[in-house]
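Each reported figure results from applying straightforward, stated rules to the coordinates on display, with no laboratory input. In this text the structure is predicted, and so the values were computed from the model without any measurement. Note that each Cβ is placed from the backbone with ideal geometry, even for glycine, and that neighbours are counted across all protein chains shown.
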Amino acid sequence: MNISLKIKSLLNEAEVYRSQGLLNEAREKYQAASGLITKIDKLKNKDSLLRAIAEKIQFIDKKSAKTGTAPSSPELSEKGQDLIKNLFGENDLEKAVALAKFGQFERALAEFQALLKNEAYRLEAGKNIIRCKLATASLDDAVAQYQQWFSQDLFSAVQLESIRVYLQPILDKKGFGTPLPVPVGEKDDADGIEFSMPEPEEEMLDITSIGITFTNGTHKGKMVEFDVNFQSGDMLSLIVAKNDRGMIEDLNEGDDIEDVQFYSPIAMFKGTAVVATKTAIQSGPKQGDFCLDLKILTA
Amino acid sequence: MAIFNLKKKEIECKVVFYGPGRCGKTTNLEYIFKSYKKQITGEMVSINTEGDRTLFFDFLPMGLGKIKGCDVRVQLYTVPGQVKYSSTRKLVLRGVDGIVFVADSLEVRREKNMLSLKDLQANLKEYGKSIFKVPLILQYNKRDLADEGIPLMSTEQMEKDLNRQLKVPSFAASAVKGAGVGVTLKACLMETLKSLQREFKWAE
Ligand SMILES: Nc1nc2c(ncn2[C@@H]2O[C@H](COP(=O)(O)OP(=O)(O)O)[C@@H](O)[C@H]2O)c(=O)[nH]1
Ligand SMILES: [Mg+2]
């Protein structure tokens, strides 16, 4: 193809991609066009052409920086929130949980507060209030909320204990000093049996995927997202396809991984993890893939 | 999961438009909203923020009227394409009854199509569904751009990339012009209703 035609068609492509929001594709075509123009010796308006293209690229860079930093759960309009409630929740509790899952914590919090009046939902509402406070405010806020309930009689001792059992391990993990006061219920000392319920599963958030920022190897400095295939408490199992084995080459059992992003349906948080096991799958359809077990250390 | 009310003879089912970012999912819904006024039973709601058309999802309710004695309502959704919204994608996909996979015909988006289809398969699997069994239609969108000299993949190429194993119905389309949008939707609704009929046997 004639070089000026070639340049024209690259610019045409770049323009279409840009108009469709395909910013990386647009940038590539602009750069390719720019490269061709630079090589032509005698071109009258060479400099102004190159300048114009550079400006376009700059504009794209600005725009992609903006979309790149867009919040993963922006505050929605009331109408949008209503829709989410109705689409993803059957009863009032589920509706409020849906709001929290889509990151609409402020309104979710207000709805959970209202649900405290409802005997049937009270305990779940209480736990979710703690959950929202942990996601948006601080540990102190969550603790203050617990303390307040502790001094009132909104919850029964059994319910309050269930909330404590949910919150305490989270505080422990973050190294929060003072333990929460333990509620004392109506004592039934007739039989003196001591029995503590196992901690509820939900104390650890469901983690759907994690992002690892590599500190060495070919992926150095890049964050790669992995799906979590299985979770049991703070142990996450990932299946890494054999084609991607290069990525985890430098990860060995016992290695700490700093700066891990954890993505869960209700929140996103950073922490560290340690490689518990790394095994090659020997048989079945996933033969040759790797199974990586990571233990969440701090989150 | 479709909501099926045997007493009232009502079905409400969920169809999701899936595909990579910017392939034209929202544009499909916009065209449906404009062109099937009689069947649209409410507003099209796009849950998004400024600067980005699909942070979360779009939603459009439709009513198909009585089919074999049953009142059929459909909720159409789109999912956000970008990698970082994977948890929203999963949420929207929950309980899906039928899927339109919108693929971008642009040559430069070839790999993104394949990754998105793989992502769909993985997400369905988490809900215990197989991509081979769920009602699914492929749409090869943006065919109009060939006239503007933009490199597109041939539909044969796209069939090979995306539909070699699935072997589901596929349609070429230009969502901005509306071409192919209606047939895609109709095919998907047909497949979806057939599969619901097999499950619930409402039509006697
Ligand atoms: N030329 C052309 N452009 C399209 C077509 N469908 C969508 N677009 C454009 O592609 C861009 C992204 O479309 P959108 O519907 O927001 O994509 P989504 O991210 O899949 O929802 C927009 O600029 C649309 O106008 C089509 O069939 N032809
Ligand atoms: Mg969209």
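Here are the numbers:
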| quantity | calculated |
| --- | --- |
| Note, ³J(HN,Hα) from phi for segment A:29-45, Karplus 6.51, -1.76, 1.60, rounded to Hz, x at Gly and Pro | 5, 4, 5, 4, 4, 4, x, 5, 4, 4, 6, 6, 6, 9, 9, 4, 9 |
| Peptide B:84-93, shielding by other chains (average Cβ, 10 Å cutoff) | 5 |
| Full-extension gain in nm, A:D255 to A:T69, via 0.36 nm per residue minus C-alpha separation | 63.9 nm |
| Dipole of segment B:62-124, positive end: most advanced residue of B:S105, B:L91, B:V79 [Cβ charges, Cα centre] | B:L91 |
| Table column - 3J(HN,Hα) (Hz), segment A:135-151, Karplus curve with 6.51, -1.76, 1.60, x for Gly and Pro | 6, 10, 9, 9, 4, 4, 4, 5, 5, 4, 4, 4, 4, 4, 4, 4, 8 |
| Low-density loop positions, trypsin sites (Lys or Arg not before Pro), segment B:113-151 - DSSP coil, at most 13 other Cβ in 10 Å | B:K133 |
| Inter-chain Cβ neighbour average for residues A:77-86, partner chain, 10 Å | 3 |
| Residue with peak Gaussian network fluctuation, chain A [Cα springs, cutoff 10 Å], from A:N86, A:N45, A:N243 | A:N45 |
| Cβ-based net charge around A:V182, under 10 Å, with every Lys or Arg adding one and every Asp or Glu removing one | 0 |
| GNM flexibility winner over chain B from B:N141, B:N123, B:N163 (Cα, springs under 10 Å) | B:N163 |
| Full-stretch length increase - A:S283, A:K242 - with 0.36 nm per residue and alpha-carbon distance subtracted | 13.5 nm |
| Whole-angstrom gap from segment A:124-153 to segment B:179-199, using each part's C-alpha centre | 47 |
| Partner aspartates and glutamates for B:K160 [C-alpha distance under 17 Å; skip if fewer than 8 residues away on the same chain] | B:D104, B:E107, B:E111 |
| Environment charge at A:A14 (Cβ cut-off 13 Å; Lys +1, Arg +1, Asp -1, Glu -1) | 0 |
| Gain upon complete extension [A:E225, A:S77; 0.36 nm per residue less C-alpha separation] | 50.3 nm |
| Sum of side-chain charges, B:I150 neighbourhood, beta-carbon under 9 Å (Lys, Arg +1; Asp, Glu -1) | -3 |
| Lysine pairs within segment A:209-298, Cα separation less than 17 Å, 8 or more sequence positions apart or different chains | 6 |
| Computed E for A:K62/B:S130 - FRET, C-beta separation, R0 45 angstrom, nearest 0.05 | 0.55 |
| Tensor-based shape of segment A:209-298 (alpha-carbon gyration tensor, a/c under 1.5 rounded, otherwise prolate or oblate) | oblate |
| For chain B: relative contact order, % (alpha-carbon pairs under 8 angstrom, 6 or more apart) | 23 |
| Qualifying lysines (Cα of each under 27 Å from Cα of B:K9; at least 8 residues distant if same chain) | A:K85, A:K95, B:K37, B:K38, B:K66, B:K68, B:K129, B:K133, B:K186, B:K194, B:K201 |
